[in-house]
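These notes concern the structure reproduced below.
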Amino acid sequence: MSDHSRAKPYMNPYLAGTLLGIVLFLAFFITGTGLGASGGLNRLLVFFQNLFVPEHIDQVPYLLKMAGGNTNPLDSWIVYLTVGTIAGGFLSGLIGRRVKVETNKGPQISNKTRWMMAFLGGILMGYGARLARGCTSGQALSGGAVLSVGSWAFMFAVFAGAYALAYFFRRYWN
Amino acid sequence: MTSFPLPLAELLGHYGSYMIYLLVGLAFGATLETAGFGNSKKLAAQFYFKDLTVFKVMFTAIIVACVLIFLSSAVGLLDYNLVWVPPTYLWPGIVGGLIMGAGFIVGGFCPGTSLVAMATGKIDGVFFVLGVLTGIFLFGESVSNFAVFFESSYMGRFTLPELFGVSYGAVVVAVVAMALLMFWGAEAIEARVGGPTAQKAPRLAVPAAGGLLVLALAVMLIGQPDNADRWNMIADEQLAMLDERAVQIEPAELLDVIHNAQIKAVLLDVRDERHYNQFHVHGARRLSPEEVINSARELILEPANTVFVTMSNDETAATEAWRALKAESVPNVYILDGGVNNWIRTYSDEAFVDEHLIRGRDNDQPAYRFDAAIGARHPAAEPNPEAFEIEFEPKVKLELKRAPTSGGCG
């Protein structure tokens, strides 16, 4: 853990965006698929569900595709991408001296409130991401770059949903 | 043939190819972290117009990737048909997006950024990831209740250029121009709302923006390769295959393929509707020659063990369709040797063949007369493989698939 005051500043957003764009391009160029995150988490979860309640998996069609019978839910590229994302974030944080146990929140709320809201927001995010067949990375970023109609509609919906509710949460973040 | 995307499974093996994804993930996570996406306050500030980092990073990434993808496709390096385009399920996508927008303002992250937050020790990130896992779990348990909605408004691989009926290059230019205008607006908003803490744009920003716009214009001027261009890239190699008759499979092999449980046979009948109605092989799908090119992108999404067989009365139209599909990078395409005429000759009794033979016909026209449109109800439409033990020279070889069958959040 490093001293926060020595943390290096974040990269300029346009420069970071350009780098992210190049990573996204290389992903498509080399592998043919874009980036993603929620799919990897989904499969990790199904892997543990399959350890404890395999009979249940075999009864739900949505789960069956990933782990029915002898199918290994971890036998998918997206799992490796997700593991890489976690490791890459950690390494970059380490180099930038930004790895620090802390809770980021608005000044008017307690840590516990923030944790509870993060958990609730996560539930909405996880549920919505599966319904939309992708998250911000898989749909908006990747689908947006290859000009998918559904991905652009999705992207506007995410921004619309967040801006529509932002007013009611202003005391919570500011 | 274009070299990219690479046939990773063929080059590195099934698990070896996963190492590439691990490396892509490392780069992805590191970029998100350096952009500040591990910090929920920075992310949420987007929605109070104080710090538009999320918007700037996201749209810069989209336009940079977009220009590079369509530029490499325009010059024939990358095969856009083999690139995963998330299929459009319009309403589930929009409703899911709205729910995610709510989750963003409540929780402060999206799934990808929360992973990076967790990795750098942010406790709110850890709670968010636990929430995402819970949400995914709840979705898996409840989706059966609204399966119809979840599968609704499916439009397949549907792109903005197809929606607006303009070229890919024109859309690339429009997206880049729109994003640059919005960046200019974002800077103005930040300067007013964010005050002196707002970050200054780097000095290189304007030339870089100009450079990107020039590249986008280049994409528009070069244009994307059409079916004829794509064929020219592979013509030498494929014409040799045609001449050696390496892709024309005999009726006996087709019957074998149809009854092979490990292969999915897709029979594409490119004759006139009239001839198709008179007689066709059981299970054959009629595809008019004009539809062939447009159907290619749907055919690419078929499972890896699919074998496509084109057929016409003789071989001329079937060979044209084969060429078009090969040029569009559809894997495992073959031609029925001798066409439907040869099939009828092989699987009908001699009396039928003698009585119904049409003499003095033109090339690629029916060789046998049918008095009624009996379609697949003729005995030869679905021959019993055990009644016909015919030797054949096997030609079908399954290629490893290069195109991804799932993407994004598969």
Note on region B:64-101: residues more than 7 Å from chain A (Cβ to nearest Cβ) and of a type in the set (A, V, I, L, M, F, W, C) are B:VAL67, B:PHE70, B:LEU71, B:ALA74, B:VAL75, B:LEU77, B:TRP91
Would you check which residues across region A:109-136 are outside any helix (DSSP H, G or I) and either within 12 Å of B:LEU98 (Cβ to Cβ) or touching a residue at least 12 places away in the same chain (Cβ under 8 Å) (or both) and list them?
-> A:ILE109, A:ALA132, A:GLY134, A:CYS135
For region B:148-162, indicate whether the set of residues that are out of contact with any helix residue (DSSP H, G or I) (no Cβ under 9 Å at 6 or more places or on another chain), hydrophobic (A, V, I, L, M, F, W, C) and more than 7 Å from every other protein chain (Cβ to nearest Cβ) is non-empty.
-> yes
In region A:1-101, which helices (runs of 4 or more DSSP H) lie fully inside it and hold 2 or more residues that are open to solvent by 30 Å² or more (accessible area, probe 1.4 Å) and under 28 Å from B:MET58 (Cβ atoms)?
-> A:13-31, A:38-52, A:77-95
Which ones in region A:137-171 are open to solvent by 20 Å² or more (accessible area, probe 1.4 Å) and touching a residue at least 12 places away in the same chain (Cβ under 8 Å)?
-> A:ARG171
Of (1) out of contact with any Pro (no Cβ under 6 Å at 6 or more places or on another chain); (2) within 24 Å of B:TYR21 (Cβ to Cβ); (3) modelled with pLDDT under 95; (4) small (Gly, Ala, Ser), A:SER38 satisfies every one except (1)
Which ones in region B:222-272 are in a loop (DSSP other than H, G, I, E, B) and closer than 17 Å to B:PRO331 by Cα?
-> B:ALA246, B:VAL247, B:GLN262, B:ILE263
Out of B:PHE128, B:PHE55, B:PHE104, B:PHE37, sole residue that is more than 7 Å from chain A (Cβ to nearest Cβ), under 30 Å from A:TYR167 (Cβ atoms) and buried (at least 24 other Cβ atoms within 10 Å of the Cβ) = B:PHE37
Pairs, first modelled with pLDDT under 90 in region B:289-312, second part of a helix (DSSP H, G or I) and not charged (D, E, K, R), C-beta under 9 Å, six or more apart | B:PRO289/B:ALA317; B:PRO289/B:ALA321; B:PRO289/B:ALA324; B:ARG297/B:ASN81; B:ILE300/B:ASN81; B:ILE300/B:LEU82
Exactly one condition in (1) open to solvent by 30 Å² or more (accessible area, probe 1.4 Å); (2) modelled with pLDDT of 90 or more is not met by B:ASP371; state its number.
-> (2)
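The values are calculated or read from the model by the stated rules, or taken from the named source; none is laboratory data. As the structure is a computational prediction, the values presented were derived from the model and not from experiment. Neighbour counts are summed over all protein chains in view; Cβ atoms, including those assigned to glycine, are modelled from backbone coordinates with ideal geometry. What goes into the accessible areas is simple: the full protein's heavy atoms, side chains included, and nothing from ligands, DNA or RNA. Shrake-Rupley method; radii C 1.70, N 1.55, O 1.52, S 1.80 Å.
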